[in-house]
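Data first, discussion second: the structure below is written as structure tokens.
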Amino acid sequence: MSILRSTGRVPVARAALGVLAAVALLALFGDALAPLDPLAQDTARTLQGPSGAHLLGTDYLGRDVLSRLLAGTGSSVLSAVEAVGAAMLLGVLPGLASVRFGAAFTWVSLRAVAALMTLPFTLFAIAAVGVLGNGLHQAMLALGVLLAPLFFRVTRAAALGLDRAQYVEAAELMGASRWWILRTHIWRKVLPTVAVTTAHALATSLLAVSSLTFLGIGVQPPAPTWGGMLAGDLGFLAQQPWAPALPAALIMLTVGALNLLADAVRDAEPSAAEPGAAGRTEKPGTSGKTTVRGKERRDDLAAV
């Protein structure tokens, strides 16, 4: 909660959260907000400009562009969330376990992560879709597998610095189990780092989803997606040179907001997540107010 409060004080972070909240609402309720059927075709009104009937014009099949943008937000954004969720499940838990569950598990997990990092993303996604069937869920599972090493390495690196902390050793001496130590002492300190990685991974995943749908991988036409709309509009630049800017702007705006939010969380992380930070004031070393322990020492000297 302290990380959220620290992040919320940054104006850039508040702006990014506002953009992401709007995108989340569109992802959840885009179909209901669409003024027309995003799949309905009207061949008599193809490639028309903005008008009262179609606020953002129509595409090459006469479909309402605004309705398709709103309806495509859900499939694009939720697919990215699905991929990152799979990556966190496959990366965070093994990353924590590799610190506390022996050399054999650590060796196997590190070798598996190294093998996954050598796989080319596009070829792996195409192979997974070819084996499992063409669909966004299959493509997102492949993307989640390839993003899992990122979460594994970040989580393991953060947990290694806490594994030999004095309070962890004290908990071990008192008979605490490995899972209790991970859940109580290590996970809370690792969570801010995982939050930063998650925001960056969502931005990367959204770009990857848009790239795959741009290539026609993982999407079943005529389902609207940001990448699919971008690919379709590029074929008619002579008639509508401004059309590709609409889905591209949504992609860039969402990715930019995620990256800004990740930077804000990263900047707020040391003050909230650093062990012992609660005992320090905002300006260490000034006016004799460095730590609470220092104040107690001054009180003792005054008493003498």
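The values are calculated or read from the model by the stated rules, or taken from the named source; none is laboratory data. What you see is a predicted model; the values in this text were computed from it and never measured. Reconstructed Cβ throughout: ideal geometry from the backbone, glycine too, with neighbour counts over all protein chains shown. These accessible areas exclude ligands, DNA and RNA; they are computed on the full protein's heavy atoms, side chains included. Shrake-Rupley method; radii C 1.70, N 1.55, O 1.52, S 1.80 Å.
Right, VAL108: over 30 Å from GLY218 (Cα atoms), open to solvent by 30 Å² or more (accessible area, probe 1.4 Å), part of a helix (DSSP H, G or I) and among the β-branched types (Val, Ile, Thr) or not?
yes
Kindly indicate which of ALA139, ALA125 is open to solvent by less than 50 Å² (accessible area, probe 1.4 Å), of a type in the set (Gly, Ala, Ser), in a helix (DSSP H, G or I) and at pLDDT below 80.
Matching residue, one of ALA139, ALA125: ALA125.
For ALA53, indicate whether it is without any contact (Cβ under 8 Å) to a residue 24 or more places away in the chain, open to solvent by 50 Å² or more (accessible area, probe 1.4 Å), over 24 Å from MET252 (Cβ atoms) and assigned to a helix (DSSP H, G or I).
When the stated conditions are applied, ALA53 does not pass them.
Determine whether GLY227 is under 21 Å from ALA127 (Cβ atoms), modelled with pLDDT of 90 or more and either crowded, with 18+ Cβ neighbours inside 10 Å or not acidic (Asp, Glu) (or both).
For GLY227, the condition - under 21 Å from ALA127 (Cβ atoms), modelled with pLDDT of 90 or more and either crowded, with 18+ Cβ neighbours inside 10 Å or not acidic (Asp, Glu) (or both) - is met.
For segment 79-92, state whether one or more residues are in a helix (DSSP H, G or I), without any contact (Cβ under 8 Å) to a residue 24 or more places away in the chain and in contact with a helix residue (DSSP H, G or I) (Cβ under 7 Å, 6 or more places away or on another chain).
So far as segment 79-92 goes, no, none of its residues is in a helix (DSSP H, G or I), without any contact (Cβ under 8 Å) to a residue 24 or more places away in the chain and in contact with a helix residue (DSSP H, G or I) (Cβ under 7 Å, 6 or more places away or on another chain).
Filter segment 11-39 down to residues that are without any contact (Cβ under 8 Å) to a residue 12 or more places away in the chain, over 18 Å from ASP263 (Cβ atoms) and open to solvent by 80 Å² or more (accessible area, probe 1.4 Å) and give me whichever is nearest to the chain's Cα centre (by Cα).
It comes out as LEU25.
Residue by residue through segment 179-210, note down the ones that are within 30 Å of GLY130 (Cα to Cα) and open to solvent by less than 60 Å² (accessible area, probe 1.4 Å).
Scanning segment 179-210 gives THR197, THR198, ALA199, ALA201, LEU202, ALA203, SER205, LEU206, ALA208, VAL209, SER210.
Answer yes if at least one residue in segment 167-188 is polar (S, T, N, Q) and farther than 30 Å from LEU56 by Cβ, and no otherwise.
yes
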